[in-house]
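Here's the structure, in structure tokens; my notes come after.
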Amino acid sequence: MSEKPKHQLFATRIGVIAATVGSAVGLGNIWRFPYEAGVHGGGAFLAIYIVFILILGVPVLCAEFALGRSTHRNVLGCFRQLKPAQPFWRIIGIIGVTSGIMILSFYSVIAGWTLEYFFVSLRGDIAGNSTDELHSMFGAFTTGMRPVIWTIVFLLINYCVIVRGVQKGVERASNVLTPALMVLLAVFCVNSLMMPGAADGLSFLFKPDFSRITPSVVIGAMGQAFFSLSLGLGCMLTYASYFPDRTPLVRSAAVTVGLDVFTAIMAGVLIFPAVFTYGFSPQEGPTLVFEVLPAIFTQVSGGWFWAPLFFFMLFLASLTSTISMSEIGIAWLTQDRGMSRGKACMLVIAIAMVCGVACALSFSYWAGLRLPVIGEFNIFNFFDYTSSNVLLPLGGMLISVFAGWMLDREVLRRQLTTPRNAFSSLASVIAFLLRYVSPVMILVIFIANL
Ligand code: TRP
């Protein structure tokens, strides 16, 4: 029913889910969601985020799945194969490969923070500190050189996994990891719910104050919807090129979206009660979660055990996400540019390392550095903002236009309905959203933001 794949596929059905959920669930849910929700007023942000997940996220995810699985090609090769005479569409691939590396760069900085906190808490160094002491400890860490080293170390670990190929390693690792992370999160949610600030935290997160909705809240929520589902730059397309034909696409998309949103909400329930209990400002930004988590762990009994475990899981969850980001470029370099896997991995990681170090320095030596073209942002914020809020939605818009209007309708329908199951009936709704709703909506939001 689709092109014959020239490369290895995911072996098992559970492996497919594990890999896509592994890509989707990561720092985007546990670090980025609470910080973005905090900056953008909580409840209103959550409400818009969920709306975007449903009407943009689900259809674009299905589109990426269908495009990747029907061609079994990478993000550039896919569009070349489907529309050889229209090179315009390769722009999706170009956006994908570039912003994949951009996201890999700043994401590795945060993943490096999880490594630092894993070791610090393992040594018992966060126990017994007051919130103020934890705050200065974190400040001293981010303004020193260690984040740079951790960024490099994290990228090297990522390299060691990806040179071996995604299929086996990722399948196995994510099978255990994702459920374990969810259980751990659930345990800590219960703990947060018993804090004195729980009521304030929950009402901040769940009570939408719609008067606070501004264009920047809307664009932030849209960016977060794309980011947390790994959408818009062909990451899921690349993974779907490794799906066997018997994978039910709509059902896999539903499972991925469900677990992704659930994890983000759990992270919110974990963080915000603590924010209000310990007197943090929800508006703090990218550093929020790393200030709040240690504060939680110093308060719980057995914190010496839970803290390193939690940070280690967070590190692994980041790794299953960065593996998927790296794969976008690697699949292209190996399939279309004839590069060996080893060389391709080296190239992608080397570029990410240079950019990642620059991002890490944005919290210290280059904190005040403003490049002329990027205005008010430092390098980290520029990478984070441009990729998530501009490039991902732009890529998502092009993907939905392509899947809705350019792709043979029959191919789309067949991809979404074979093998048949209860979810197949959603195929026509998805096709409708892809044609008339998602692209228009993204465009309107872009224009409103100008
Ligand atoms: N979705 C992941 C997270 O929530 C991050 C991620 C992985 C990603 N691959 C991506 C984001 C591709 C954008 C594009 O942590």
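Here are the numbers for this structure:
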read-out	value
Qualifying positions in region 294-328 - within 16 Å of the ligand (Cβ to nearest atom) and of a type in the set (A, V, I, L, M)	Met313, Leu314, Leu316, Ala317, Leu319, Ile323, Met325, Ile328
Conditions (1) modelled with pLDDT under 95; (2) under 30 Å from Ala85 (Cβ atoms); (3) in contact with an Asp or Glu (Cβ under 9 Å, 6 or more places away or on another chain): number failed by Val390	(3)
Residue within region 51-59 that is within 12 Å of the ligand (Cβ to nearest atom), buried (at least 24 other Cβ atoms within 10 Å of the Cβ), on the phi < 0 side of the Ramachandran plot and not hydrophobic (A, V, I, L, M, F, W, C) present	yes
From Gly77, Gly93, residue being buried (at least 24 other Cβ atoms within 10 Å of the Cβ), farther than 28 Å from Gln283 by Cβ and at pLDDT 95 or above	Gly93
The one condition in (1) outside any helix (DSSP H, G or I); (2) surrounded by fewer than 16 Cβ atoms within 10 Å (Cβ to Cβ); (3) modelled with pLDDT of 95 or more that Ala367 fails to fulfil	(3)
One residue from Val289, Val217 being in contact with a Pro (Cβ under 6 Å, 6 or more places away or on another chain), under 30 Å from Ile328 (Cα atoms), touching a residue at least 40 places away in the same chain (Cβ under 8 Å) and assigned to a helix (DSSP H, G or I)	Val289
First in region 407-430 and closer than 19 Å to Pro244 by Cβ, second anywhere and of a type in the set (Val, Ile, Thr) and surrounded by fewer than 18 Cβ atoms within 10 Å (Cβ to Cβ), Cβ under 9 Å, 6 or more apart	Ser424/Thr418
Of all residues in region 235-245 being buried (at least 24 other Cβ atoms within 10 Å of the Cβ) and not in a helix (DSSP H, G or I), the one that is farthest from the ligand (Cβ to nearest atom)	Phe243
Residue check for Ala344: in contact (Cβ under 8 Å) with a residue 12 or more places away in the chain and either under 19 Å from Val166 (Cβ atoms) or under 17 Å from the mean Cα position of the chain (by Cα) (or both)	yes
Hits in region 329-338 - residues which are small (Gly, Ala, Ser) and within 16 Å of the ligand (Cβ to nearest atom)	Gly329, Ala331
Positions within region 1-47 being outside any helix (DSSP H, G or I), over 23 Å from Val166 (Cβ atoms) and either without any contact (Cβ under 8 Å) to a residue 24 or more places away in the chain or within 12 Å of the ligand (Cβ to nearest atom) (or both), in sequence order	none
Scan of region 82-139 for residues that are over 20 Å from Val354 (Cβ atoms) and among the aromatic types (Phe, Trp, Tyr), ordered by number	Phe88, Trp89, Tyr117, Phe118, Phe119, Phe138
Arg341 more than 16 Å from the ligand (Cβ to nearest atom), at pLDDT 95 or above and surrounded by fewer than 17 Cβ atoms within 10 Å (Cβ to Cβ)	no
Total residues in region 220-233, condition near the ligand (Cβ under 10 Å from one of its atoms), at pLDDT 95 or above and part of a helix (DSSP H, G or I)	4
Yes/no for Arg69 being more than 14 Å from the ligand (Cβ to nearest atom), part of a loop (DSSP other than H, G, I, E, B) and crowded, with 24+ Cβ neighbours inside 10 Å	no
Search result, residues across region 261-292 that are surrounded by 22 or more Cβ atoms within 10 Å (Cβ to Cβ), within 14 Å of the ligand (Cβ to nearest atom) and among the β-branched types (Val, Ile, Thr)	Val261, Thr263, Val289
Meets criteria (assigned to a helix (DSSP H, G or I), within 16 Å of the ligand (Cβ to nearest atom), under 22 Å from Gly338 (Cα atoms) and out of contact with any Asp or Glu (no Cβ under 7 Å at 6 or more places or on another chain)) for Gly112	no
Subset tally (residues that are surrounded by fewer than 24 Cβ atoms within 10 Å (Cβ to Cβ) and closer than 24 Å to Asn381 by Cα) for region 206-234	9
Residue within region 246-260 that is modelled with pLDDT of 95 or more and near the ligand (Cβ under 9 Å from one of its atoms) present	yes
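The values are calculated or read from the model by the stated rules, or taken from the named source; none is laboratory data. In this text, all values refer to a predicted model and were calculated from it rather than measured experimentally. Here Cβ is always computed from backbone atoms with ideal geometry, including for glycine, and neighbour counts include all displayed protein chains.
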